[in-house]
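Worksheet: one structure, shown below.
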Amino acid sequence: MSTKSGEPHSGLYSSLLQALTPLSMCIWFNIKNFSRPSDVSSYELYHSIGDRNPWRGAHNLFHRIRQKNLEANQRGDIQLESQFSFEEAYAKMRYNLGRYPGAFDPDSSYWIVPNASMAARHLGIDERKIILAVI
């Protein structure tokens, strides 16, 4: 499933990642500066922004984030739950764009913006920053 250049679906991947990178950078900058530190998964996702290569490791990372999200939900920690929901959607999108086996639901990338908005709301981030990053 490679293009002539040898990169898996490079045109689709590049255009989607290019469109989502400003949004993701805005959100991660704000989460990094305004929320409580979560752990290494947030760090890994933050440092993957701007990387134009498909990322097979995002599948495993999603499952680690999912576990933290479930634990935050059980504790009633809405701030971390909203942050982890955004992280989950971003990890799913990064994995799916590589067209690897065992892809997540095809609509995964569509949850990035709503989850970013929810995270902003719960973390005290100005939601206008999220909207400006999208348009």
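None of the figures in this text is laboratory data; all of them are computed from the coordinates on show. Here the structure is a predicted model, which means the values were calculated and not measured. So basically every Cβ, Gly included, is an ideal-geometry build from the backbone, and we count neighbours across all protein chains shown.
Applying a 10 Å radius around every beta-carbon, put 106-117, 78-89 in order of their mean neighbour count, most first.
Most protected by this proxy first, the peptides run 78-89, 106-117.
Among the trypsin sites (Lys or Arg not before Pro) within region 54-102, which fall in a DSSP loop and have no more than 16 other Cβ atoms within 10 Å of their own Cβ?
R56, R99
Obtain the radius of gyration and the Kirkwood radius of region 56-134 from its C-alpha atoms and give Rg over Rh.
In region 56-134, Rg relative to Rh is 1.00.
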